[in-house]
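See below for the structure under consideration.
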Amino acid sequence: MQGRTGVGIWAGFAAIMVWCLLPVVWIIMLSFKSVDETSAGSPQFFPQDFTLANYGDILSDSDFTNALINSFGISLIATVLSVIFATFTAYAIARLEFRGKKLVLSIALAIAMFPVVALVGPLFDMWRTFGLFNTWPGLIIPYMSFTLPLAIWTLSAFFREIPWEMEQAAQVDGATSWQAFRKVIVPLAAPGVFTAAILTFFFAWNEFVLAISLTTTVDGGATSTGARTVPAQMSFFVGPDPFNPPYSQLATASVVVTIPIIVIVLLFQRKIVAGLTSGAVKG
Amino acid sequence: MVLLSSALAACGGDSGTELIWYTNPDTGGQAKLAEKCSTDDYTITTQVLPQDASQQRIQLVRRLAAGDTEIDLMSLDPPFTAEFAEAGYLADIPDGLEQKLTDQSFEGAVDAATWEDQMVVAPFWSNTQVLWYRKSFVEKTDLDVSQPVTWEQVIRAADENGGKVAVQANKYEGYAVWINALFEGAGGRLVEDVEQGADATVTVDSPAGEDAARVVEQLASSKAAPADLSVSNEGTAVATFGSDAGAFMVNWTFVWTAYGDDPVSKDIGFTRYPRTVEGEESAPPYGGIGLGVNAATESRSEAMSAVECITSPENQAFYANDSGNMPASAAGYDDPKLRETYGQDLLDLFQQSVEAAAPRTVSPYWSDISLSLQSTWHPPSSVDGQTPGQSADFMSQALQAERLL
Amino acid sequence: MSTAVSPDQRSTTRKTGRQARSPSTERSRAENRLGLKLVAPAVVLMLLVTAYPMLQALYLSLFRYRLTNPDDRQFIGFDNYVTALSDQLFWQDLWNTVVIMVVTVAVELVIGFAFAMVMHRVIFARGVIRTSILIPYGIITVVSAFAWQFAFSLNNGFVNGWFSWLPWIAADTNWFGDHWHAMFAIMVSEIWKTTPFMALLLLAGLSQVSEDMIEAAKVDGATWWQRLWKVILPNMRAAIMVAVLFRALDAFRIFDNIFVMTKGAQETESSSFLTYRQVIEQFQLGMGSALSVLLFLSVLVLAYGIVKLFRVDLSQARGEG
């Protein structure tokens, strides 16, 4: 590590901060502009008249709030299930020797690269037949499939580092195997599982192609649930003026869906970086 | 699960059936009508479809093809009526109601609502376009707007006096509306023998096609073209027209109330849609909404009575006052409040335009026709004398599914 | 980096592996069974949602089949493929996709490397910088697309105002009005969102390069440029290749940005978008399936090409010994 902090580094630091934050600040500023201001055209960066009205409108728009519920519900369920399945798989890959290990990894790799769009046709047709179209499971199932590879890799990278001998050592010291597992292995494995969960959640929260293809409504009326998530809802968002995109309201919706991401990033910055780069550097 | 839902349905029995009405976005008028037309037997609730007409079609077809019974009523854009009817998604309108709707509605509205001699949607409101102009701008020019004007005159007047002509020329359905109106205004058709379905005869490569292409080319290459011509839609056109350079605009009826208290609203004049060629009557675009009933609905008779209520002339007038979307019937136009807002001259112009309006080709393949136009005529600056020929080849192949759209 | 596996740990894993592999002992058979049981749910789920639909797509691609006209469904062999492959739109969209992929990955690699160098050297505010760089990574692509669409917007964007001193930007530049401007806007959104991912992967690679080697090169009188090309980059090869492979395949599937920003107008459509439109917007299930198959094959060819070209050993690179 060279400790010199030259002008170049300072400039680079500033460049990174501008790069990362300028568009975020822009969208926040846009969310403070009134609908009238953007309809009339408002090319300046900062609002002429600062208003919070858009936040009130967006949060009282039941389509948006229901889409938020869909997004949270679908992403969380998909994350939990995916991480559970991935934990089994990663444990087997890291700990056990069995035939077909290479094949499992190849499948996971292939699916990570899979062009999701290629599936919307057949999945639409299948979900129509099974009654899964426009339902939560209709999105949760494919989300699980597409997040499994990421979760499996991240977890197997973490699991490989766990000194599993300690489990035996604990047993030798008189602990039951359950105690050994709970007291020794779980604390060691938990950070990895947690990291995998964050990355999985990000994927599900961000997913768009399937969300617009396999859903049509945020809520299907009295007797059925819709499944449209926030990204899809935003892309079909209609403001008070049926002909103009509601710039400032879309910006407001953007800010609202970004808040959970920022909270997660602030809390778990180290874990995310570790997870993203796990395994990428070896070889 | 089944038990639970039937129990729930039984609980809800007191307030009657729930009818779900999928509406195109408006300023809330359809939701008000839903409330107004709910009875002791049924409650109508609304779900709003996306803004873009093509997206509305997509959302509905996907659900209808999935056999969805959660849709009872739907607000359909006229060009997609034939496709929905052909696919069997629309319940036939009972004879009594059909007779009533035929009697009250404009002829164009009935034509647009009919597929294979059966009325499949109920004409709810009828839209049309007129030429809007800025009075202060026209005063500066030598254009006589009391006489029928041609596109050529309008573009030249704007070009020579530093004004803009606002149209809809983004790559979307609205651009096909404009092109179709130009064709029809030159006495042409996009497609003949539509009953042949995919084997219909494409007649884009025709004198009318050349006339239409000339208008688009003239506007796109003149200074009268707005900077955002290639991405313009109804909304951006309103903004362009309201700006300092605003001069002319073709747009739907809602424009009259779109500027609110803005000073521009005092400066708006209107006249019949411009002619494509000198000496030939113009054919304003036809738009609007027809109400369809899902063939798979479990409450067809309730849905039909709801349709009858919503499309009654009084409610058409109510809706027109609320949304700026004009009635589909002469009786609907006969409303004092409407007269007060729009003035008799403008209402007369609207009615006259609807009666003269040319619908987009009534065919289950309209979306293919429209997309072919969009593929070959966009951006407007690329349109020239070759365009109709290329467009015709493209469209013929597209209808035969030998071309990607 | 907490996850960097030290070589000795890896070798212990290997050793245990080898011991367990001694043939057909009861223990190894039990382990084999347990392994299969543990991976089964994930494998079944992954295949259920990919392999089976892909086979169905293969089958449907041989039909002319329009959802709104199901009675007209008709077996036509490979006609859909012939139509697609002889259509100019298919190649135009593939070209767009490749242009977007090559340009975005190249730009991300350069900027990402610069960011990684800065993050590697910076000794203050490391938490701040990492948190900031994760924000574009975590933001929904649709939000990024909206943010940039609005920034480039004619009536509501700041870009024209801020950059009109540049000779090719005017106050009324219509960014979504022609092909290259629109492509530029789409690529800006894509690059903005994904450069942080690239930077973090490269940072991880950079931290593996031994400082001693760099020092040694410095003592030998190598210039900064020589050190970069002769020492740093060769030692980061694996990290760079993995980053390029994953980003390239990701960029090849570009969809969200195009959907939000242009809907494919101005010939900015990508292969993914074309496939989506045929299936979901035009209900051409036959043709759409054929395009799905072609898209899948393109990705296979691309992945194979990159792996062969750069000789990336994925199992090694991903640490799956």
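Here is how the numbers come out for the structure above:
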quantity: Sorted by Cβ density within 10 Å, fewest first, the residues A:Trp10, C:Trp148; calculated: A:Trp10, C:Trp148
quantity: Under 21 Å from the Cα of C:Lys218 - lysines, other chains or at least 8 residues apart; calculated: C:Lys230
quantity: Projected label distance in nm at C:Leu55 and B:Glu314, using a 7 Å step from Cα toward the beta-carbon; calculated: 6.3 nm
quantity: Cβ-defined net charge surrounding B:Gly96, 15 Å radius [Lys, Arg +1; Asp, Glu -1]; calculated: -3
quantity: Separation of alpha-carbon centers, the range C:50-107 and the range B:241-291, rounded to whole Å; calculated: 41 Å
quantity: Tensor-based shape of the range B:199-306 (alpha-carbon gyration tensor, a/c under 1.5 rounded, otherwise prolate or oblate); calculated: oblate
quantity: Folded to 0 to 90 degrees: helix B:313-323 orientation relative to chain B principal axis, Cα; calculated: 60 degrees
quantity: Shielding by partners, peptide C:71-81 (average Cβ within 10 angstrom, other chains); calculated: 1
quantity: Compactness index (Cα Rg / 2.2 N^0.38 Å), chain B; calculated: 1.00
quantity: Cα-based equivalent ellipsoid, the range C:42-190: semi-axes from gyration tensor eigenvalues, Å; calculated: 41, 26, 15
quantity: Inter-part distance where the range B:365-405 and the range B:74-145 are each reduced to a Cα centre, Å; calculated: 25 Å
quantity: With Cα atoms, 0 to 90° folded angle of helix A:101-112 axis to chain A main axis; calculated: 10 degrees
quantity: Under 12 Å from the C:Val107 label point (7 Å along Cα→beta-carbon), backbone N, the range C:176-204; calculated: C:181-195
quantity: Additional length obtainable on full extension of the chain from B:Thr69 to B:Lys36, 0.36 nm per residue less Cα span; calculated: 9.5 nm
quantity: Prolate/oblate/rounded label for chain C (Cα gyration tensor, a/c 1.5); calculated: oblate
quantity: Gyration tensor (alpha-carbon) shape descriptor, the range B:259-405, a/c threshold 1.5; calculated: oblate
quantity: Under 19 Å from the A:Met17 label point (7 Å along Cα→beta-carbon), backbone N, the range C:115-156; calculated: C:115-137
quantity: Amide proton proximity set for B:Ala358, modelled H, under 5 Å, gap of 5+; calculated: B:Tyr286
quantity: Charge tally in the Cβ shell below 14 Å around B:Thr311, where Lys, Arg are +1 and Asp, Glu are -1, B:Thr311 excluded; calculated: -2
quantity: Rg [Å, one decimal], Dmax [Å, integer] - the protein assembly as shown, C-alpha atoms; calculated: 30.7, 103
quantity: Burial order of peptide ranges C:30-43, B:159-172, A:179-192, C:243-256 (average beta-carbon count within 10 Å, highest first); calculated: B:159-172, C:243-256, C:30-43, A:179-192
quantity: Residue order, fewest to most beta carbons within 10 Å, for A:Asp61, B:Asp72; calculated: A:Asp61, B:Asp72
quantity: Residue-averaged [θ]222 nm for the protein assembly as shown, counting only DSSP H segments that reach four residues, each worth -39500 (n - 2.57); calculated: -19000 deg cm²/dmol
quantity: Cut-off under 5 Å, modelled amide H: who pairs with B:Gly269 long-range; calculated: B:Tyr133, B:Arg134, B:Lys135
quantity: Protection proxy ranking, peptides B:145-156, B:48-59, C:274-285, C:166-177, average beta carbon neighbours within 10 Å, highest first; calculated: C:274-285, B:48-59, B:145-156, C:166-177
quantity: Chain B: angle of helix B:95-104 to the longest principal axis, Cα-based, in degrees nearest 10; calculated: 30 degrees
quantity: Estimated inter-spin distance, B:Thr341 and C:Ala30, nm [label 7 Å along Cα→Cβ]; calculated: 8.1 nm
quantity: Hits among lysines - C-alpha to C-alpha of B:Lys337 under 22 Å, sequence gap 8 or more where chains match; calculated: B:Lys32, B:Lys36, B:Lys266
quantity: Amide hydrogen neighbours beyond the local backbone of B:Arg275, cut-off 5 Å, H modeled; calculated: B:Val149, B:Thr150, B:Trp151
quantity: Sorted by Cβ density within 10 Å, fewest first, the residues B:Thr114, C:Thr195, B:Thr341; calculated: B:Thr341, B:Thr114, C:Thr195
quantity: In sequence order, calculated HN-Hα J values of the range C:296-301 (Karplus, 6.51, -1.76, 1.60; Hz; x Gly/Pro); calculated: 4, 5, 4, 5, 4, 4
quantity: Relative pair counts by distance (%), Cα atoms of the range C:114-210, 10 Å bins; calculated: 15, 36, 27, 19, 4, 0
quantity: Peptide ranges A:111-123, B:327-339 listed from the most packed, as the mean C-beta count within 10 angstrom indicates; calculated: A:111-123, B:327-339
quantity: Net charge contributed by nearby residues that have their C-beta within less than 12 Å of B:Gly174 (K/R +1, D/E -1); calculated: -2
quantity: For B:54-65, mean number of other protein chain Cβ atoms within 10 Å; calculated: 5
quantity: Zone of C:Trp162's modelled label, taken as backbone nitrogen in the range C:168-199 under 14 Å from a point 7 Å along Cα→Cβ; calculated: C:188-189, C:192
quantity: Karplus-derived HN-Hα couplings along the range B:75-80 (A = 6.51, B = -1.76, C = 1.60, θ = phi - 60°), whole Hz, x at Gly and Pro; calculated: 8, 10, 6, x, x, 9
quantity: Per-residue ³J(HN,Hα) for the range B:220-231, Karplus 6.51 cos²θ - 1.76 cosθ + 1.60, θ = phi - 60°, Hz, x for Gly and Pro; calculated: 4, 9, 9, 6, 7, 6, x, 4, 9, 3, 6, 10
quantity: Among the listed pairs A:Lys183/C:Lys37; A:Lys102/C:Lys37; A:Lys271/C:Lys37, those beyond 21 Å (Cα-Cα); calculated: A:Lys183/C:Lys37; A:Lys271/C:Lys37
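We did not get these values from a lab; they are worked out from the coordinates using the rules stated. These numbers were taken from a predicted model, which means no experiment stands behind them. For neighbour counting, all protein chains shown are included, and Cβ atoms are generated from backbone atoms with ideal geometry for every residue, glycine included.
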